[in-house]
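K.L.:
There's a structure below that I have some questions on.
Quick note: the coordinates plus some simple rules give every number you see, no bench work behind them. Note that the structure is a prediction, hence the values are computed from the model and not measured. In this analysis, Cβ positions are derived from the backbone assuming ideal geometry, glycine residues included, and neighbour counts consider all displayed protein chains.
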Amino acid sequence: MTESKKILLIVSGGIAAFKALELIRLLRAKDYGVTCVLTRAGAQFVTPLSLQALSEQKVYSELFSLTDESEMGHIQLSRSADLLVVAPASADILAKMAAGLADDLASTLLLATDKPVLVAPAMNVRMWQHPATQANLATLTVRGVHVVGPDEGAMACHEFGPGRLSEPQAILAAIEALLTGGKKPLTGRHAIVTSGPTHEPIDPVRYIANRSSGKQGHAIAAALAALGARVTLVSGPVSQPEPPGVAIRRVETAREMLQACEAALPADVFVGAAAVADWRMAAEATEKIKKKPGAAPPALTLTLNPDILATIGQIKKNRPRLVIGFAAETDNLLANAAAKRTSKGCDWIVANDVSPATGIMGGDENAIHLVTATGTEDWPRLHKEEVARRLAARIVEEFQK
Ligand code: CTP
């Protein structure tokens with residue numbers, strides 16, 4: 001299906017230019033045709049040869065090259081693609097596009113094209129925040145140019161903030177969303193996502209809880225909805241804002257969470273991101289437990305909660321095609337995660353190290369290992385929203401198989 005789709009990839013200058021190589025690899029793996037244009041500044045960071053090797057196509061860089069003109073004029077080059085992608089898009093190329101300059105091959109193609117254009121900006125934080133760049137971007141957006149990113153994070157220039165090139169997976173997802181003519185890749189799919197902690201009552205005023213913030217689960221629900229999925233978010237008590245376009249079911253206990261998940265079936269994908277309490281009170285007190293002078297503190301007798309992930313993973317009727325769990329571990333991360341994958345009957349485990357030193361629990365970032373039946377993918381340390389977007393993009397890939 002994707003074989004006929006052609007992408008003209010313009011690689012402009014910036015330290016992030018190397019990520020264009022990974023983007024080409026991802027696009028080629030999905031049979032997109034990729035033709036690269038390298039700007040003079042881009043050539044300081046990646047070589048035409050590496051772009052050519054990965055794209056398996058001639059790389060263009062000079063506007064006035066006679067051989068290129070005889071093979072294919074620049075007007076034709078700019079129109080033979082289904083989509084023009086500028087990744088990374090430097091402050092300079094965005095300024096040229098906004099001003100309509102055409103003083104090199106890349107800017108000429110961008111001015112001459114009649115095809116949709118997607119830019120993935122990448123630059124220093126201050127350059128990104130400069131009113132000139134923001135004004136240029138506003139101009140481009142009004143003209144219908146599509147934008148992906150930039151992300152926020154630590155940058156090569158030792159500053160922190162927005163300006164980092166989006167991850168290649170996210171750029172790929174944006175490309176696919178555009179090429180499917182606005183039809184988002186998870187349209188027609190139903191996803192159930194659990195998020196947050198559960199509260200297990202001890203008596204009418206006290207409960208057992210944990211420190212889960214719901215950040216990761218809510219971000220996953222939002223990322224799946226952004227790709228067109230119908231999402232049921234089954235959430236324990238959290239203070240996260242409701243993600244837009246998501247149907248939320250608020251629950252307190254593990255048993256309510258299980259019930260809400262089962263009621264939401266059938267679904268195509270289940271993501272168990274909640275930190276479900278493993279135990280609840282064997283017998284919840286119906287009256288507030290009172291202190292009695294001289295008496296020993298009450299013993300809290302616990303009983304096991306249902307395992308929601310394992311129940312959905314092993315359900316006989318209506319099992320979602322993709323059941324994804326999380327494993328929060330402090331030691332033997334990968335071995336424990338792999339064991340959890342099989343014992344809970346799920347397809348993927350998103351494993352993370354929650355040792356206190358990592359600052360992951362309750363923090364904004366996550367370092368993930370995705371454990372599947374065929375192996376483990378190690379992801380770099382990413383913002384939880386970026387983890388969510390990547391996971392959503394991997395889910396899309398799985399459904400396109
Ligand atoms: N989970 C669940 N229901 C439970 C317990 C856990 O659905 N009663 C899900 C979580 O949402 C997560 C996965 O199981 O996706 C792993 O949970 P985790 O707490 O890491 O593992 P446990 O199974 O509780 O094992 P342990 O605490 O021994 O590591």
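K.L.:
What does the convex hull of the Cα atoms of segment 2-179 come to per residue, in Å³, rounded to a whole number?
P.N.:
Details: hull volume 17.8 nm³, N = 178.
Per-residue hull volume (Cα only) is 100 Å³.
K.L.:
Quick one: what are the phi-derived ³J(HN,Hα) couplings along segment 364-373, Karplus 6.51/-1.76/1.60 with θ = phi - 60°, whole Hz, x for glycine and proline?
P.N.:
9, 10, 8, 10, 10, 10, 9, 9, 10, 5
K.L.:
Taking the Cβ of Val387 as the center, what net charge do the other residues with Cβ under 14 Å away carry, scoring Lys and Arg +1 and Asp and Glu -1? If you can, show how the numbers build up before the last one.
P.N.:
On the way: positive: Lys215, Arg381, Lys384, Arg389, Arg390, Arg394; negative: Asp151, Glu152, Glu167, Asp353, Asp364, Glu365, Glu377, Asp378, Glu385, Glu386.
Computed value for this residue: -4.
K.L.:
In nm, give the distance between the simple-model label positions of Asn318 and Ile248, each being 7 Å from the Cα along the Cα-to-Cβ direction.
P.N.:
2.4 nm
K.L.:
Which of His146, His199, His218, His158 comes first, and how do the rest follow, when ranked by fewest Cβ neighbours within 10 Å?
P.N.:
With the sparsest Cβ surroundings first, the list reads His158, His146, His199, His218.
K.L.:
Still on this structure: Taking the mean number of other Cβ atoms within 10 Å as a proxy for protection, how do you rank 114-122, 308-316 from highest to lowest?
P.N.:
On the way: 114-122: 21.6, 308-316: 18.4.
Sorting 114-122, 308-316 by mean packing, highest first, produces 114-122, 308-316.
K.L.:
Treating only the Cβ atoms of Lys and Arg (+1) and Asp and Glu (-1) as charged, compute the dipole magnitude of segment 2-179 about its Cα centre; round to the nearest 20 debye. Each step should come with its number before you reach the end.
P.N.:
Working: 14 positive and 18 negative charges, 37 e Å.
Using only the charged Cβ atoms, the result is roughly 180 debye.
K.L.:
Just to be sure I understand: with springs between alpha-carbon atoms less than 10 Å apart, which residue in Ala221, Ala388, Ala338 has the highest mean-square fluctuation in the Gaussian network model of the chain?
P.N.:
Ala338
K.L.:
Residue farthest toward the positive end of the dipole of segment 2-179, with Cβ of Lys/Arg at +1 and Asp/Glu at -1: which of Ala106, Ile93, Val37?
P.N.:
Ranked along the dipole, the leading option is Ile93.
K.L.:
Further question: Under a point-charge model restricted to the Cβ atoms of Lys and Arg (+1) and Asp and Glu (-1), what is the dipole moment magnitude of the chain relative to its Cα centre, in debye to the nearest 20? Present the calculation step by step, with values, prior to reporting the outcome.
P.N.:
Values: 42 positive and 41 negative charges, 252 e Å.
Using only the charged Cβ atoms, the result is roughly 1200 debye.
K.L.:
Here's something else I'd like to know. Farthest toward the dipole's positive end in the chain, which of Leu118, Thr301, Thr141, given Cβ charges of +1 (Lys, Arg) and -1 (Asp, Glu) about the Cα centre?
P.N.:
Positive-end residue among those listed: Thr301.
K.L.:
Still on this structure: Using r as the Cβ-Cβ distance of Phe399 and Glu56, and R0 as 22 Å, what FRET efficiency do you calculate, to the nearest 0.05? Don't skip to the end; give the middle numbers.
P.N.:
Working: r = 27 Å, r/R0 = 1.22.
Computed FRET efficiency for Phe399 and Glu56: 0.25.
K.L.:
For helix 19-29, what angle does its Cα long axis make with the longest principal axis of the chain, in degrees from 0 to 90 and rounded to 10?
P.N.:
Relative to the chain, helix 19-29 is tipped by roughly 80 degrees.
K.L.:
What's the FRET efficiency of Glu287 with Asn332 using the Cβ-Cβ distance as r and R₀ = 60 Å, to the nearest 0.05? Display every interim value, and only then the final one.
P.N.:
Details: r = 44 Å, r/R0 = 0.73.
E(calc), rounded to 0.05, equals 0.85.
K.L.:
Can you pull the one-decimal nm distance between simple spin-label points at Met361 and Val205, each 7 Å off the Cα toward Cβ?
P.N.:
With each label point 7 Å from Cα toward Cβ, the separation is 2.8 nm.
K.L.:
Related question: Normalized C-alpha radius of gyration of the chain, against 2.2 N^0.38 Å?
P.N.:
On the way: Rg = 24.8 Å, N = 401, 2.2 N^0.38 = 21.5 Å.
Relative to the 2.2 N^0.38 Å estimate, the chain comes out at 1.16.
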